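Below you'll find the structure, written out as structure tokens, and then a few comments.
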Amino acid sequence: MPSSLIIADLHLVSGEVDKTNLFVKFCQEQASKVDQIFILGDLFNTWLGDDLSLNDYPMIISELKALSATTQIFVMTGNRDFLLGDAFSKQTGCTLINTPYLLETNTQSYVLTHGDELCTDDKGYQQLKSILQHPITRLIFLRLPKKLRLKLAGKIRKKSVEAQQYKSHEIMDVNPGAVMALMEKYPDTNLIHGHTHRRNTHVEKKFTRYVLGDWANDAGNAIKLDGELSWLEIH
């Protein structure tokens, strides 16, 4: 059975040395020792299109390319980096995957998602997501001049941060009904997701939900699947 590592929500920022170095160390010392790695969204804090953002992360792109020589890398886009595209895949050797993704092992199957689609109580977020990630919106945005894309992204991010200040803790978490609706489509499986940054293990009647945490500058977390599931601390 292939061994796997699963991570999410690194939110890498161009020029942020400490977290970049932590990820490079993780790739070289841990990810290189497994058969495959799954990144469940928001590897990057901002991605404004391959033509604009690839040049911002030369060390990360180079490290992913090197890692892809020994380890299969599967990347699911998140709400921050949903504009990752074909050029990113070609330059890194990564394979972009859709959500939800069914990962089957010899002992247990897992549904992998970014997780934001399960936060259905946050109506404002879901409405904005449906607009921003609509194929027509994406097409138009990617054809805009680079300076205008940067300006628009800054305004959208500012409004998002302001909106979160007035939202309750519960609204920004997953909706139990949405989780159940998803898992009914995948009987006899467990769920692994990120997005909420609320690392935890939730044991339900028919499945277990594993929530990956986000990464700090000096520490991260991962789930390892190698016959059994275990949590890894990244330092």
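The values are calculated or read from the model by the stated rules, or taken from the named source; none is laboratory data. As the structure is a computational prediction, the values presented were derived from the model and not from experiment. Because the Cβ atoms are built from the backbone with ideal geometry, glycine has one as well, and the counts that use them run over all protein chains shown.
Scanning the stretch 63-90 for residues that are more than 21 Å from Lys19 (Cα to Cα) and not hydroxyl-bearing (Ser, Thr, Tyr) turns up Ala69, Gln72, Leu83, Gly85, Asp86, Ala87, Lys90.
Could we say that Lys159 is among the basic types (Lys, Arg), at pLDDT 95 or above and in a helix (DSSP H, G or I) here? Let's see the steps before the verdict.
Details: among the basic types (Lys, Arg): yes; at pLDDT 95 or above: no; in a helix (DSSP H, G or I): yes.
Taking the combined requirement at face value, the residue does not satisfy it.
Pairing each residue of the stretch 160-189 that is on the phi > 0 side of the Ramachandran plot with any residue that is at pLDDT 70 or above and not aliphatic (A, V, I, L, M), provided the two are 6+ apart or on different chains, yields C-beta distances under 9 Å for Asp188/Gln108; Asp188/Ser109; Asp188/Lys206; Asp188/Phe207. Of all residue pairs spaced 6 or more apart or on separate chains, those with beta-carbon atoms under 9 Å, a first member in the stretch 212-232 that is more than 16 Å from Ala31 (Cβ to Cβ) and at pLDDT below 95 and a second member that is of a type in the set (A, V, I, L, M) and assigned to a loop (DSSP other than H, G, I, E, B) are Gly227/Met1.
When Lys25, Lys65, Lys33, Lys19 are checked against the criterion of being touching a His at 6+ places or on another chain (Cβ under 9 Å), over 18 Å from Gly213 (Cα atoms), modelled with pLDDT of 95 or more and not polar (S, T, N, Q), a single residue qualifies: Lys25. One residue stands out in the stretch 115-152 among those that are among the hydrophobic types (A, V, I, L, M, F, W, C) and part of a loop (DSSP other than H, G, I, E, B): the one that is farthest from the chain's Cα centre (by Cα), namely Leu144.
Restricting attention to the stretch 139-157, the residues being over 11 Å from Gly49 (Cα atoms), among the hydrophobic types (A, V, I, L, M, F, W, C) and loosely packed, with under 13 Cβ neighbours inside 10 Å number 3. Only residues that are surrounded by 14 or more Cβ atoms within 10 Å (Cβ to Cβ) and of a type outside the set (S, T, N, Q) were counted in the stretch 181-215, giving 20. Selection of the stretch 93-132 for residues being under 18 Å from Ser168 (Cβ atoms) and small (Gly, Ala, Ser) yields Gly115, Gly124. Which is among the aliphatic types (A, V, I, L, M) and over 21 Å from Cys27 (Cα atoms), of Leu118, Leu84? Testing whether each residue is among the aliphatic types (A, V, I, L, M) and over 21 Å from Cys27 (Cα atoms) leaves just Leu118. Contact map, the stretch 1-27: first residue crowded, with 19+ Cβ neighbours inside 10 Å, second residue of a type in the set (Phe, Trp, Tyr) and part of a strand (DSSP E or B), Cβ cut-off under 6 Å, separation 6 or more or different chains; pairs are Ile6/Phe38; Leu12/Phe44.
Filtering the stretch 168-180 to residues that are surrounded by 15 or more Cβ atoms within 10 Å (Cβ to Cβ) and aliphatic (A, V, I, L, M) leaves Ile171, Met172, Val174, Val179.
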